[in-house]
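Below is one structure, written out as structure tokens; comments come after it.
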Amino acid sequence: MNKHNDNPYQSLFLGDFAGEGDLIHLITEEEGETSNQIDSYPDAIPILSVRNTVLFPGVVIPITVGRQRSIKLVKKAQKGDKLIGVCAQVNPNNDDPSWDDIYHVGTIAKIIKMIVLPDGNTTIIIQGKKRFKISEPISEDPYFTARVEFLEENFPKNSKKIQALEESIKEAAAKILHLNPEIPREAQVALDNIDNTAFLTHFLSSNINAPVEAKQKLLEINDGLERATLLLELMMKDIQMLELKSEIHRKVHTDIDQQQRDYFLRQQMKVLQTELGEEGPEKEVEELRAKAAKKKWPKTVAEHFEKEVNKILRINPSAAEYPIALNYAETMVELPWNEFTEDNFDLKNAKAILDKDHTGLEKVKERIIEYLAVLKLKNDLKGPILCLYGPPGVGKTSLGKSIAAALGRKYIRMSLGGVHDEAEIRGHRKTYVGAMPGKIIQNMKKVKTSNPVYVLDEIDKLKADFRGDPSSAFLEVLDPEQNSTFVDNYLEVEYDLSKVLFIATANSLDSIQPALRDRMEIIEVTGYTMEEKVEIAKNHLIPKQRKEHGLKSKDITFDKTAIVKVIEDYTRESGVRSLERAIGKIIRNVAKSIAMEEEYNKKITPAAVRKILGGEIFDKESYQDNSVAGVVTGLAWTSFGGEILHIETSLSRGKGKLTLSGQLGDVMKESAMTALSYLKSKADKLGIDYRIFDTYDLHIHVPAGAVPKDGPSAGITMLTAMASIFTQRKVKAKIAMTGEITLRGKVMPVGGIKEKILAARRAGLKEIILCQKNARDIEEIDEEYLKGIQFHFVDKVEEVLNIALLKTKVEDPMHFVFPAESTKKEG
């Protein structure tokens, strides 16, 4: 194998093979050949193919030969005239080249020295003599032999252009020597001793940092001026590359120096901090790693944490990014990763706790016991997403705390009322100033367990604005199939929420977006009966208020009739919030008497209630009497529970105009028009004089006009009121109704039945008319709520009128007057 060192300046290192004095001698002797000397070279010479180098006349280079063909050639030449032809290979990777694989322009060389190396290879030092061109290949075996033609140099002498080129080339060579530290300084001495322009171009062409193709092109050029110009171009490119490398080296060296300086200063600062008793970043990172070692987090999270703490060590403690990175790592180690509290599987004890804390709410309690039972049997269950839906004050939020106590779990409550920023749920990205995790992750960090009872209070009060839609952010949180891989924007890694028992509370389902509502199990929490409110007051509210006001049980007692009076006359509601406030006011009055050392009655009676709370706020009998036609009691549902609704009608002489008042919504207006259209179509059947619709104006009014009213519950109520005023028939006493109607006279079902029934009970009503399809809702209501009320289930409007309207007319009925009908005479 013929090798040549990759260093383009290898021929300048001949001191490795000959003395340095010989180096200058070798490259300066025989700088060129005269025409008389050409005849001394044979026209048929052996050809040595070399890789990665081109030999120029007058230049001395070492070559290592390893191929058998080349070794035979060198040994033969060494014994003879020591002359060989040197040609470069086109493809340096070809180990067995043919005539087509070598350039046909080369240089005849003389072997100056041959050295046999210990590894068996032979190194020869050769000096180029004259350029030649292969005219005819002779043989390939045992080595290449060819007939050659020697090429003449065409180099003008004493030309100003040549002188300028020579000076430029020498300046470029000096610059290369200055920029390249690999070239020995002795090379400058060699260059200074060269005064032959032709040899100077040959010498520098051999040593220029250029590919073999470019050097071969220089060798093949006969015109010396053209060769010198191309050489200068290649040298200028080399200078540009060396300058660029030098600039990069200086920059890198400066950066390393700066890093070493920073490291030295940090080490000094570390020593000073140690002397002052202050902790550096290494101490903080060690503490974080110690905490992380105890965590049960997944492998991916552990790798992410290690990456973050390594980043802390690379940040200067005085940099603005340092506290951000440190806070992030602290957040990760403070979160509970797969750390659970042990569930209490004593189902009887859990039921006892729920019964003790909450009276009623049987459906909710049953669902929680079912969850516990499955968890006990399976020992692994995704937390359900429960939504307790009902009016205010019925104990939805406090129920979550009781569930946590029954399960033996930690309790978290997150108020969502008015939350309108998505980042409050998902957190901010770390890149923002003041970034922090969302409230979900913050509360998990606070409670330090992965399976708490998490109450999402007032989920229906979420608001969307330009900062995002937080209810959409909850779609992932409240999906049992997705929340095992919940990703907070700040945390950036997946966090498992699947073991959390989420309990949402809402007063209304209408404002919850359908996709979010679909992810939750809706459990309706209805209002309380009178009996339940009495028990709640005795067992919960009175002891609580007594304790909060510093009184003992011996200081005050409540008579049951007094509690009933407070409920009926002062706090008519579905929940017990107003009831608690009224009891608190009574207890404060007693506390004042004790503090002022005044005499007072320890037992609270109905008379004492009236004296402390003042006159009754609500009438016991709130339904309208039936002495006037056209007044009917209806039932309505609101977010605060059920209410009774009075529909009043009146007739006056006119042209059949319909007037609606009482701040009614579109649905109630449509119900009124539908009812009127039905009565017009069935006037004969219902005993209504058809002329009344054209000669009398009808006015429908719903009292409490300042309160907006809407919904599909008042259809049959409006129709009954119109039928009563048109027929002047009485409406049955203490009867109420709810349902929607169609133009065909069908009665349609409505919702909120339990709340409406409780409202009817509070008002003292005895009969309720409902759609036949609402019978299924009655079956789900506890019989205790239904005591003392008679239900009528109907399908058609005629049934409603038959039940609600009496046969007898009112005591002072209207006398309708109709104008005489005009008759047409034939002309």
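None of the figures in this text is laboratory data; all of them are computed from the coordinates on show. Bear in mind the structure is a predicted one, so any value in this text is a computation, not a measurement. When we count neighbours, we look across all protein chains shown, and the Cβ atoms used for this are built from the backbone with ideal geometry, even at glycine.
The table below lists the values:
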item: Net dipole in debye of the stretch 547-630 [+1 Lys, Arg Cβ; -1 Asp, Glu Cβ; about Cα centre; nearest 20]; result: 400 debye
item: Highest to lowest packing among 167-173, 627-633, 472-478, 429-435, scored as the average C-beta count within 10 Å; result: 627-633, 472-478, 167-173, 429-435
item: Acute angle (nearest 10 degrees) that the helix 715-727 long axis makes with the longest principal axis of the chain, alpha-carbon atoms; result: 30 degrees
item: Positive-end extreme of charge dipole, the chain - chosen from 389, 480, 543 (charges on Cβ); result: 543
item: Built amide H within the under 5 Å cut-off of residue 697, gap 5+; result: 652, 653, 654, 655, 656, 657
item: Cα-based helix-to-principal-axis angle, 347-357 vs the chain, degrees rounded to 10; result: 60 degrees
item: Beta bridges by DSSP in the stretch 631-809, antiparallel share as percent, to the nearest 5; result: 55 percent
item: Added length on full extension, which subtracts the Cα-Cα distance from 0.36 nm per residue, residue 661 to residue 104; result: 189.2 nm
item: In degrees, nearest ten, helix 666-681 long axis to first principal axis of the chain (Cα); result: 50 degrees
item: Restraint check, 410/603; 291/547; 363/538; 363/796; 351/463, Cα-Cα greater than 31 Å; result: 410/603; 291/547; 363/796; 351/463
item: Long-range amide H partners of residue 750 with built H, under 5 Å; result: 771
item: Check: the stretch 171-213 dipole with +1 on Lys, Arg Cβ and -1 on Asp, Glu Cβ, in debye; result: 80 debye
item: Dipole of the stretch 631-809, positive direction: furthest Cα of 683, 760, 737, with charges on the beta-carbon; result: 683
item: Protection-proxy order for peptides 305-318, 577-590, 691-704, each taking the mean of Cβ atoms within 10 Å per residue, highest first; result: 577-590, 691-704, 305-318
item: Translational diffusion coefficient (Stokes-Einstein; Kirkwood radius from C-alpha pairs) of the stretch 374-516 at 37 °C, 0.692 mPa s, in µm²/s; result: 210 µm²/s
item: Total charge dipole magnitude, the chain, about the Cα centre, Cβ charges on Lys, Arg, Asp, Glu only, Debye to nearest 20; result: 4520 debye
item: Under 14 Å from the Cα of residue 734 - aspartates and glutamates, other chains or at least 8 residues apart; result: 621, 625, 767
